[in-house]
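The values are calculated or read from the model by the stated rules, or taken from the named source; none is laboratory data. On a predicted model such as this, the values are computed, not experimentally measured, just so you know. In this analysis, Cβ positions are derived from the backbone assuming ideal geometry, glycine residues included, and neighbour counts consider all displayed protein chains.
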Amino acid sequence: MTSFAESTSERGTARAAYNPSDGLHRHEARMEAAPRWEYMILDVGVSGFWLGPNLDGNALTAKLNELGAEGWEALGLTEMSTQQGGTKDLVIILKRQTS
């Protein structure tokens, strides 16, 4: 009887023995090479109905550009609402690659 390690393919070349830990080692190597990220939550305090007139767009743009220069990238945003549609906060999620 021939073991898996001793078997040959249709072309007649010997196959390497199967080692389940090989896949784990390849996975670990990929994880070490994968980029690492850190995250930040930017809480933009606003008031009014649906962000209302109390959101300073120029100041927010300046802040996002400042963070962008530091390597931060905005991933998304959401509003934190109170009852009857009043907006409490605007939350922006950012990430940047760590070394």
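Which residues, taken from the range 31-41, are charged (D, E, K, R) and modelled with pLDDT of 85 or more?
Correct list: R36, E38.
Tell me, which residue of the range 42-99 that is of a type in the set (S, T, N, Q) and surrounded by 14 or more Cβ atoms within 10 Å (Cβ to Cβ) is modelled with the highest pLDDT?
Across the range 42-99, the extreme among qualifying residues is T87.
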